[in-house]
Structure formats: C-alpha cells, structure tokens
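**Q** Okay, here's the structure, questions in a sec.
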Amino acid sequence: MTVSHAPGRAMLAAAWFGASLAAGAANAAVTATAATTAASTTAATPLRDFRAPALTANGDRIAAIESEAGVPGGRPHARIVVRDAVSGKVTAEYDPCAGCSYDFPNWSPDRRSLAFIGADAAAGTATLWVVRDGRPTAAATIGGVANTARWSPDGSRIALLATAGAKKQTGAVEAGERLVGEIGINEDAQRIAIVPAAGGAVRMVSPDATYVYEYDWTPDGKGFIATSAKGNGDNNWWVATLGHIDAASGALRIVAAPKMQISLPHVSTDGRTVAFVGGLMSDFGSVGGDVFTVPLAGGEPVNVTPNYAGSFNGLAWKGATLLASSLQGERMTVTAIDPQLRSTRTLWAGAVTANGSRDGRIVFSADGGAAASVFETFDKAPWIGAGRVNEPVQITRDNDGAAPQVAARSITWTNEGYRSQGWLVGPRQAQAGRRHPMVVIVHGGPASAATPRYVGAGESANPLVRELVERGYYVFMPNPRGSYGQGLAFTAANRRDFGGGDWRDILAGVDAAIAQAPVDAGRLGLMGHSYGGFMTMWGVTHSTRFKAAVAGAGIANWISYYGQNGIDQWMVPFFGATMYEDPAAYRRASPIEAIRNARTPTLLYVGERDVETPAVQSMEFWHGLRAMKVPTTLVIYEGEGHAIRRLEHQLDQRRRTVEWFEMYLK
C-alpha cells in the first residue's frame, strides 16, 4: 500500500560528497520566508535522471538507466549509459529499442557483457538484450512482460522473470485488468526463465502455477533461491515462502516458510546458507527488516541482526560476511554483518536518499571493496556516487547547475516511549514576523518511510512540495511508529492499532515541528496516499485540528475493503486475523465508523482500476462526508491503478490539491 520511498538527509557525509556538498549542508536549517522566494524566480535547470546502477565485479564501470527528467509522469525515453566509475566519463550508450522502457542492467561475471530487458508496451513484448563488443543483440523475445535479468555464475546463461501473455503490468500498484466475465481464473504467473547467453529459445523453469517474486542463482549455477507463492501474484507476496528451484527439472523445494514477509534472498558463496531480509512489511518492493539466515538444506531462520536500531533494505554476500544497506532514522548506512557472531559494523552513514538495484539501495563490487548508488537530498539533485565502500565520491556533475529550492531538517521527537523522526521542509530565506500554514504529508505503507526527494524548480522534481513551499507553506513528513528506520519492534508497533499510536505520534510530531518553525497552528492541512490516505480519513474523523485534507486512494471501511481489494493477504499480519475471524478489530480501525465527527473539508482522489485500494472506498467516504454536510470532492481517474501514471492525471491531481489547500488554509 505504498509508493516508492528512500532514506533520509540531514547530516551529509563529507567523505561521500566533497566540499561542495558540505557547504550545501550548512543551508539545511529551516527558516521562515515569504510565499514568493528565490525558488519561484529561478529558471528550471533540466535534470538528468539516473536509475538502476550496476557495478562491474571489479568496480571499474557503472551502467545505469539515464534520461533527461521532465514534468511529472512525463519521463522521456531513457537509454543504458556506461560510465567510468572514477571519473564519471560516459564510455558507451545503448538504446536498441526506441519505443521501449528498460529494466535493471546486469554485468556478466567477466565484465565484458551487459544484459538488460527492453519492454515494448505497445507491442506487448519484452526483449532480452545482450551487449557484446559494444553492440546490443536481441537474445530472446517473449510475448508478455519480463524483468530482472541475471547472469549465471559461469556467464553461459541468463535468467529472468517472465510472465507470458501477461494481462497487466507486474505489481499491485499497476492498473488491474477489467473485471468482466468469470474472474479469479487463469492468473498471471511470473516464472524464472533461462536463455543461452549467446541467444536462443526461452526455457521456462519454475513451476507454472507458482508466482516467483525474487530470485538469485546458487553459486554452483545448478539452481535458484527464490521467494514464491501459488495463486494471484498481486495478492500472495505476504505469504510467500523461501524455496530452492532446480535449474534442470524446475522442481521446487521449500527451504523455509517463516511467519513474516521475506525479501532479497541470496545464497552464501560456499553454497550452504541463505540470507534474506525479514520482518513486517506491507508492500512488495518497499523493504525493511532484520537479516535472517537459514541453511540451504532447510531449517528455521535465525535473526543475525537482533535488536538492530534500523531497517535493512539491501543485502549481498561477500565471502563469509554480509554487506547490507539500511535506514537508521534519517541516515542511510552501509553495514557489515558477521552472521556467525550476529554482530554489525557500520562502514558508512550519511543522511541521503540512495537508490540502487533489485538487491538493495547500494550496489557493491565482487569483493565488497567498492560501492555505488544514485543519491539525492531535498536540496541537491540526483547524482551517482561511487568509490571505496567507506568513502565513495560524487562522479556525475550533470545536475550541479540545479540550485537548491528549499531548506530541510530532520525532526525527532518522543511520544509514549517511542522515538519518531520526520522531515520539515520550508523556504530558504527568512521573513521576520510571519507565520505560515503547514501541510502534513503522511507516507504510504504503513511499513515504509518518508525520505528526501530533490525539490527542483519548475516541473523537474517533486513539484507538489515545491509549489506548496513557493506559496508559503511548510511541509512536514512524519515517520511515526509503524515506519521503517527504528528497528523491527518500532515497525510492528502499530499492529492491530491503525489510527491509534501512529496517529498520536503524528500529532506529537506536528507539535515538534511547530516548535521549530514559524507555523500557524490554526492553519494545518493533512494529506496522504494509500495508507497515508487512510490516515487522512482517520484524522478528519478523529480530530478538528486540520482545516483542510486531501486523501488519495484511502481506506474508509476495513470491513468492506477486505472483500473488495485484490491484496487481502497483506492485512492478516497487521490485524492478526482475517476479517471473517475478527471483524471487531477491522471495525475499530475504520474511519467510516466515526464519520459523524467529520468537519474538515476533504478532497478525495483514486484510480478507477486500483487493485490495492478500490475506488469504492473513496466513494464510501465521500458519500459519508456529503451526508454530514462536510465540503468534499471526489475525483476518480480513468484507467489508473494505485499509482497515478498518466501525466494529465498527475497534473490535475496536483492542481486540485494546491487549490484545495489555498481555499481553506489561506
């Protein structure tokens, strides 16, 4: 129930970024300012968008998906760009399919070849491209969708996740198929497939009735470790098991079936042990938890990072050691884990957002000595950082001309024994004597975290926050209990308590933000999407503190929602039972039960074909607000899923949001 997130920004590490960033960090204090700031008059600098970096085994080159960033949702066609990992100089570019979008690139073990998948949505095909001697060649094409190309350890084969004849794009946030005719049969099945590295026929390997979410080769190249489940792929990740799949026969053997969500499975270099990230997670792809190990032969997983005060979101074996990325409060870290001693050692930490590969937020060389990722902060546009694992440096300068538009600081507070953290964003220049409205944006999830995204001029990056700040608002993004960044116990602390302690943490965080910025406590707005949409609905039915609200893809009634959505499995770990077994727990958390208390003008929006939070939930809340004579508007975006993808819809949603807050807070 979330959209993507990444870790935070407050104390920049000079070893990573050099003197120029250290100087920029001095501007991080939030100050009061006029509604019109330098941001509104600064010409927008075209931004370079970097995604999915892949590092060669010896750390000398980086391949990434790059494009010139445009307006929201209007990402132009991208290409695969190869750079020198020291100088950042572009050494090659590949773009074999002008109508395709590209998936994560992957280097061959010998560093000579590069594999990536190009998806042609118009044709309904996915092609595996292999670059040799500087020339991309189509190794195989399937009718459907595919992702996550991985070379075999000996470099002779390439595996990928393929869905032949897919009825929808992969992932529950994508628009669902039309529900007509007999439903619930012939579900999409994402399977491991193998293609010869030289090209040839696609051989489906994993069982045809099993949906594979993540996988990796075993070191001997004879099989795979994978997370998988039978049935609908959107719905069953929360009950996925850890299994070994034989590359020759396709036979699946269960290695472990822990009562938690599992992600990022990898086998140790000696082939004996599997490591994975496990914990309470609400969305595939939004990962956070502790690191567990289990024998490949099977057994009970062991937590090798007990009591770790953070959330791991990346993992790689390097000999007998594990290298991992994690979110600790506002900081991203690189941490070495000794699974035998169950000890951790921080190699680097910095308050930045990092976006890496399928295996985590930071990618590593084969020996673990070098690292790379794409970084950004609220006031510095994305860049690629690479180098030694404890002191990488900025190697791209494409976005250095993008000036800071906002100031931001990390806010921490304690409530009911829990330490929470959040981000307060405001204008860069002070204007004495003014108090400003503030919009509180609650992240999705609930297992997720609000973390920095660069706020750029014009339409280039994070335009909603930019426009709110330009108009004189402060923006507060809290990470209450239930979020990542403080450890497993903190993430699980809102279990069976949605709208309870997490809501009280948010209110305490609002008080902490008001104490540190010139905010008018009488002009507060509340908004969020997905779980944030639910919390917005909860807020306006349990408080009159907020004078305007915008709820995107929220949940009004957990009872009716249970039977309407396409991902009901996600709720069981959080409520402790199905709705049929314990309806009272679901009813207690339903905003519609307190609709008679609502007084706050509320704008609602949702995608027409939202699998995760169906449009009828927003309609039910809209109907209740109208019955209570509360000002409300509901917008349902045609053809959209949980993530609003089309440019015209994104622009409309943003315009309506800003106008709503302007109407009621100004």
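**Q** Compute the orientation-averaged projected area for region 528-666 from the convex hull of its Cα atoms and round it to one decimal in nm².
**A** Details: hull surface 31.5 nm².
Averaging across all directions leaves 7.9 nm² for the Cα convex hull.
**Q** Considering all projection directions equally, how large on average is the shadow of the alpha-carbon convex hull of region 203-315, in square nanometres? Don't jump to the answer; show the numbers that get you there.
**A** Details: hull surface 27.4 nm².
The Cα convex hull of region 203-315, projected and averaged over all directions, gives 6.8 nm².
**Q** Quick check on packing: order 177-189, 595-607, 623-635, 492-504 by the mean number of other C-beta atoms within 10 Å, highest mean leading.
**A** Working: 177-189: 10.9, 595-607: 22.7, 623-635: 16.1, 492-504: 19.5.
Taking the mean over residues of other Cβ atoms within 10 Å, the ranking is 595-607, 492-504, 623-635, 177-189.
**Q** Enumerate the aspartates and glutamates that Lys259 could reach by cross-link, defined here as Cα to Cα under 13 Å, with residues fewer than 8 away along the same chain left out.
**A** Glu300
**Q** Right, something else. Distance in nm between label sites at Lys230 and Val90, each 7 Å beyond Cα in the beta-carbon direction?
**A** Result for the modelled spin labels: 5.1 nm.
**Q** Taking only the C-alpha atoms, wrap a convex hull around the chain and report its volume per residue in Å³ as a whole number. Can you show the working numbers first?
**A** Numbers: hull volume 91.7 nm³, N = 666.
Per residue, the Cα convex hull of the chain comes to 138 Å³.
**Q** Can you tell me the accessible area per residue over the chain, all protein chains present, probe 1.4 angstrom, in square angstrom? Don't jump to the answer; show the numbers that get you there.
**A** Numbers: 23920 Å² over 666 residues.
Here the residues of the chain average 36 Å² of exposed surface.
**Q** So between Thr137 and Ala123, what do we pick up on full extension, going 0.36 nm a residue minus the alpha carbon distance? List each step's numbers first, then the result.
**A** Numbers: separation 14, 0.36 × 14 = 5.04 nm, distance 1.86 nm.
Working it through step by step, the gained length comes to 3.2 nm.
**Q** Give me P(r) over region 278-420, computed from all C-alpha to C-alpha distances, binned every 10 Å, as integer percentages.
**A** Pair shares across the bins are 11, 37, 34, 15, 3, 0.
**Q** Can you pull the percent of Cα pairs in region 559-599 with separation above 14 Å? Please list the in-between numbers first.
**A** Working: 390 of 820 pairs.
Tail fraction, whole percent: 48.
**Q** What distance in nm separates the two pseudo spin-label positions at Ala627 and Ala577, each 7 Å out from Cα along the beta-carbon direction?
**A** About 2.7 nm separates the two model spin labels.
**Q** Let's test the formula: R0 of 25 Å, r as the Cβ-Cβ distance of Ala248 and Asp110. What FRET efficiency results, to the nearest 0.05? Could you put the intermediate results ahead of the total?
**A** Values: r = 24 Å, r/R0 = 0.95.
Taking R0 as 25 Å, the efficiency between Ala248 and Asp110 is 0.55.
**Q** Now, a different point. In square nanometres, what is one fourth of the surface area of the convex hull spanned by the alpha carbons of region 429-535?
**A** Working: hull surface 29.3 nm².
It is 7.3 nm².
**Q** Express the carbon and sulfur contribution to the solvent-accessible surface of the chain as a percent, rounded to the nearest whole number, probe 1.4 angstrom.
**A** Values: 12030 of 23920 Å².
Result for the chain: 50 percent of the exposed heavy-atom area is carbon or sulfur.
**Q** What is region 315-356 by shape, rounded, prolate or oblate, if you read a ≥ b ≥ c off the alpha carbon gyration tensor as root eigenvalues and call it rounded for a/c under 1.5, prolate for a/b larger than b/c, and oblate otherwise?
**A** Verdict is prolate for region 315-356.
**Q** How much net charge surrounds Gly285 when only the other residues with a Cβ under 13 Å from the Cβ of Gly285 are counted, with Lys and Arg +1 and Asp and Glu -1? Working shown, then result.
**A** Numbers: positive: Arg358, Arg361; negative: Glu174, Glu214, Asp234, Asp283, Asp359, Glu612.
The answer is -4.
**Q** Percent of Cα-Cα pairs more than 18 Å apart in region 182-232, please. If you can, show how the numbers build up before the last one.
**A** Numbers: 500 of 1275 pairs.
Distances greater than 18 Å cover 39 percent of the Cα pairs.
**Q** Could you report the accessible area of Lys89 in Å², rounded to 10, computed with a 1.4 Å probe on the protein chains as they sit in the structure?
**A** The accessible area comes out at roughly 140 Å².
**Q** Next question, about the same structure. Using only alpha carbon pairs under 8 Å that are at least six residues apart, calculate the relative contact order of the chain and give it in whole percent. Before the final figure, lay out the partial values.
**A** Numbers: 1895 pairs, mean separation 95.6, N = 666.
Computed over the chain, the figure is 14 percent.
**Q** Using just the C-alpha positions of region 69-169 as equal point scatterers, what log10 of I(q)/I(0) does the Debye formula give at each q in 0.18 1/Å?
**A** Values returned for q = 0.18 Å⁻¹ are -0.90.
The values are calculated or read from the model by the stated rules, or taken from the named source; none is laboratory data. Please read all numbers here as calculations on a predicted model, not as lab measurements. Note that each Cβ is placed from the backbone with ideal geometry, even for glycine, and that neighbours are counted across all protein chains shown. In case anyone asks, the SASA skips ligands and DNA or RNA and just uses the protein heavy atoms, side chains included. Shrake-Rupley method; radii C 1.70, N 1.55, O 1.52, S 1.80 Å.
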